[in-house]
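The values are calculated or read from the model by the stated rules, or taken from the named source; none is laboratory data. Here the structure is a predicted model, which is why all the values come from computation and not from measurement. Methodologically, a virtual Cβ is constructed for each residue, glycine included, from the backbone with ideal geometry; neighbour enumeration extends over all protein chains shown. Surface areas here come from the heavy atoms of the whole protein model, side chains and all, with no ligands, DNA or RNA. Shrake-Rupley method; radii C 1.70, N 1.55, O 1.52, S 1.80 Å.
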Amino acid sequence: MAQVSDLPEELIEIILSHPTDVVNLYNYRDVCRSWRSIVDKLLTSSPPHLLLFEMENNIRLLNIFTGDSSVCKVPDFKTRDGQPLRFPRSVFSRHGWLAINFTTCNNQCYTHHFFLYNPFSRSRIRLPTFTFDHHFQNNHDFPNIWQPKIKFVLSSKPTNRPQISVALATGKKIIFWKSGDEEWTPVDNPFEENMPVFDMISYKGGLCAIDYAGNVAQFEFNPLPRATIIPSTVAIEMQFFAICVVESLSGDLLMVCRSQQGFFSVFKLDWETMVWGEITSLGYDDEAIFMAGRESVCVRAGESTVYKNNCIYFRSAGEFPSTLPIRSREDFGVYNMANKIIHRFSHPLLSRTSTLGCYQWLTTHL
């Protein structure tokens, strides 16, 4: 009797290319070597999935292009002394992994319990607990649109566990952890007047952060954590309410800015002059950016992808200041950098009352 592995690879690829649950597609890698190779190829060209947190501790992965979705049940997590952790305070996504943040409170002291979790392989990594003073959320020195939340940065895929490192920034505070550490290490805020960190990413072996004025700080962690502030200027006056930094596929540092009118401007940092110069195309017109809130990821776009090159895909609900009109929860958009046109579309799944939020992009690339 013929085996599944005996089927021609061309036929297998056609079968697996049909819309399917991305979690099941990942599991097909275990069938045999030929299926693993085909699935890896399909996952590489698969678009980032929108991460939705639902009731009953479910994570839904939504493909906004096909409408297909996968549901991952969040496993039970416990504190180190065995107490159950009921409901995540926040969920982040990096390199195909989730960072799940639970919070417990004792005498007004908030303790954060962070776990790295892979929704495909179901692998998990416990990080050390830490405490943060949450009074920064009521800081009236800055407008509401600049009020920072926890920013999570993962250096690389945890599959190479000995080399992974994690950084967290919340307002003016930055902490760092690397494999083998028993606790988090605080890092001095390098910005003038202790300005809050507006965004931070893993960049070329270290970290790169910006404040709301576009100034850049580089972080190195070997042998000891230290930061260097690099004053920079923006070519045009910044009047944006949403800003994030992202590394292009060619290694450039990009700053993606969104105006109150909903349009985008993208700047690239010239490391010699330290000037942010506006650009009109992404890479060699073969890249796309997916943005949700102040999180973004740059991916390769081409003829084999359903998403288009030189475009910014964004999730707009919840990204606007309170002074702007309320927009539909179902609102998606794609901004074409070539013609500066925004096309909006929606998905009825987001109007469901069971959807509690999160709205970040999860990449399926292995």
## Note on the structure
Among residues of segment 254-269 being touching a residue at least 12 places away in the same chain (Cβ under 8 Å) and either among the acidic types (Asp, Glu) or part of a loop (DSSP other than H, G, I, E, B) (or both), the residue least open to solvent (accessible area, probe 1.4 Å) is 262
### Query
So is residue 113 over 20 Å from residue 362 (Cα atoms) and open to solvent by less than 50 Å² (accessible area, probe 1.4 Å) or not?
yes
#### Entry: Residues being at pLDDT 80 or above, outside any strand (DSSP E or B) and open to solvent by 20 Å² or more (accessible area, probe 1.4 Å) - total across segment 234-253
3
### Task
Confirm whether residue 164 is within 30 Å of residue 305 (Cα to Cα), buried (at least 19 other Cβ atoms within 10 Å of the Cβ) and modelled with pLDDT of 85 or more.
no
## Note on the structure
Of the residues in segment 93-103, those that are in contact (Cβ under 8 Å) with a residue 24 or more places away in the chain and open to solvent by 10 Å² or more (accessible area, probe 1.4 Å) number 3
### Message
Condition (residue is assigned to a loop (DSSP other than H, G, I, E, B), open to solvent by 30 Å² or more (accessible area, probe 1.4 Å) and aromatic (Phe, Trp, Tyr)) applied to segment 209-217: is it met by at least one residue?
### Response
yes
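Inside segment 270-300, can you point out the residues that are open to solvent by less than 10 Å² (accessible area, probe 1.4 Å) and not aromatic (Phe, Trp, Tyr)? Write out each step before concluding.
Quick first cut of segment 270-300, residues open to solvent by less than 10 Å² (accessible area, probe 1.4 Å) only: 276, 282, 287-292, 299.
Within segment 270-300, 282, 287, 288, 289, 291, 292, 299 qualify.
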### Task
State all residues of segment 87-114 that are out of contact with any strand residue (DSSP E or B) (no Cβ under 8 Å at 6 or more places or on another chain) and on the phi < 0 side of the Ramachandran plot; if no residue qualifies, say none.
106
### Query
List pairs: first in segment 67-87 and open to solvent by 100 Å² or more (accessible area, probe 1.4 Å), second in a strand (DSSP E or B) and hydrophobic (A, V, I, L, M, F, W, C), Cβ under 7 Å, 6+ apart or cross-chain?
78/85
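What's the total number of residues in segment 171-197 that are farther than 19 Å from residue 128 by Cβ, open to solvent by 20 Å² or more (accessible area, probe 1.4 Å) and touching a residue at least 40 places away in the same chain (Cβ under 8 Å)?
Looking only at segment 171-197, we keep the residues that are farther than 19 Å from residue 128 by Cβ, and these are 171-172, 188-197.
Filter again for open to solvent by 20 Å² or more (accessible area, probe 1.4 Å), leaving 172, 188-190, 192-195.
Imposing the further condition that a residue be touching a residue at least 40 places away in the same chain (Cβ under 8 Å) reduces the set to none.
Residues flagged as farther than 19 Å from residue 128 by Cβ, open to solvent by 20 Å² or more (accessible area, probe 1.4 Å) and touching a residue at least 40 places away in the same chain (Cβ under 8 Å) within segment 171-197 amount to 0.
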### Task
List the number of the failed condition for residue 350; all other conditions in (1) at pLDDT 65 or above; (2) open to solvent by less than 50 Å² (accessible area, probe 1.4 Å); (3) among the aliphatic types (A, V, I, L, M) hold.
(1)
